[in-house]
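The values are calculated or read from the model by the stated rules, or taken from the named source; none is laboratory data. Being a predicted model, the structure only gives us computed values, none of them experimental. Methodologically, a virtual Cβ is constructed for each residue, glycine included, from the backbone with ideal geometry; neighbour enumeration extends over all protein chains shown. Just the protein is used for accessible areas: all its heavy atoms, side chains included, with ligands, DNA and RNA removed. Shrake-Rupley method; radii C 1.70, N 1.55, O 1.52, S 1.80 Å.
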Amino acid sequence: MAASFPETAISTDRLLLRPPTDADAPSLVSMMADEQVYAWTAVPQPFTETHALEWIRTHAPACRADGRGICFTVIEHLTQRVVGRVELRGTDWRLRSTEITGVTAPWARGEGYAPEAVLGVAQWLFEDRGFHRLELRTAAGNTAGQQVAQKTGCISEGVLRSAWIVRDDWTPGERGRTAPAAGTRSDLIVWSLLPEDLDSPEPDWADRGHLLRD
């Protein structure tokens with residue numbers, strides 16, 4: 001049987017990262033209907049309630065059961081509002097290494113929630129699950145994602161050339177945007193966070209970063 005993450009929740013100063021539920025679907029739909037989400041991620045557009053429920057009911061349970069990773073909805077403690085989603089994927093259990101991706105809702109940007117969520121996951125991985133490496137990948141033009149990596153103390157390791165497609169155009173339609181047949185190819189910057197990197201001083205949460213690759 002493949003190794004897998006336990007079903008769990010992670011709490012930080014301002015956030016709760018918990019397994020997604022059906023009640024999250026409307027917030028996820030609203031969150032994904034955003035130009036920057038469209039440009040920097042591969043989520044379907046328009047992102048419908050059907051897509052949201054598929055991620056909640058099918059993708060998230062399968063991802064954890066198969067040992068590929070784990071999915072979280074990010075909730076703000078104070079308001080109980082959904083402010084993002086985070087996913088671990090491509091987990092290597094022999095190397096104890098995994099990749100993190102995520103999106104912060106447009107209404108929650110500029111508050112430092114993305115780096116706080118990443119560091120919360122990193123601490124859980126390193127201290128509770130015995131992991132040794134957390135990886136992030138950001139498109140070369142995604143400066144917000146790069147700010148998240150820098151504010152969490154990640155180290156830039158190099159560039160994967162022409163490894164991503166940026167969806168930089170869209171067609172307005174009756175039901176919203178439709179994905180173009182092709183976009184612009186982009187390099188990906190590879191970042192990593194190791195247990196020893198968490199020994200640095202506490203970060204300033206008041207950042208402008210909000211989006212990682214999805």
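Check whether at least one residue in region 42-54 is hydrophobic (A, V, I, L, M, F, W, C) and in contact with a Lys or Arg (Cβ under 7 Å, 6 or more places away or on another chain), and report yes or no. No, that holds for no residue.
Of all residues in region 37-55, exactly one satisfies the criterion of being more than 17 Å from the chain's Cα centre (by Cα) and under 20 Å from ARG109 (Cβ atoms), namely GLN45. Contact map, region 107-127: first residue more than 13 Å from GLN147 (Cα to Cα) and at pLDDT 95 or above, second residue open to solvent by 20 Å² or more (accessible area, probe 1.4 Å) and in a helix (DSSP H, G or I), Cβ cut-off under 7 Å, separation 6 or more or different chains; pairs are ALA122/LEU198; GLN123/LEU198; PHE126/PRO195; PHE126/LEU198. Give region 3-21 a look and list any residue that's of a type in the set (Gly, Ala, Ser) and open to solvent by 60 Å² or more (accessible area, probe 1.4 Å), or say none. Scanning region 3-21 gives a single hit, SER11. When every residue of region 44-67 is checked against the conditions, none turns out to be touching a residue at least 24 places away in the same chain (Cβ under 8 Å), surrounded by fewer than 20 Cβ atoms within 10 Å (Cβ to Cβ), out of contact with any Asp or Glu (no Cβ under 8 Å at 6 or more places or on another chain) and within 13 Å of VAL86 (Cα to Cα). Among residues of region 95-151 being of a type in the set (Phe, Trp, Tyr) and surrounded by fewer than 21 Cβ atoms within 10 Å (Cβ to Cβ), the one that is nearest to LEU28 (Cα to Cα) is TRP107. Checking each residue in region 28-43 for being over 20 Å from VAL118 (Cβ atoms) and open to solvent by 10 Å² or more (accessible area, probe 1.4 Å) picks out VAL29, SER30, ALA33, GLU35, ALA39.
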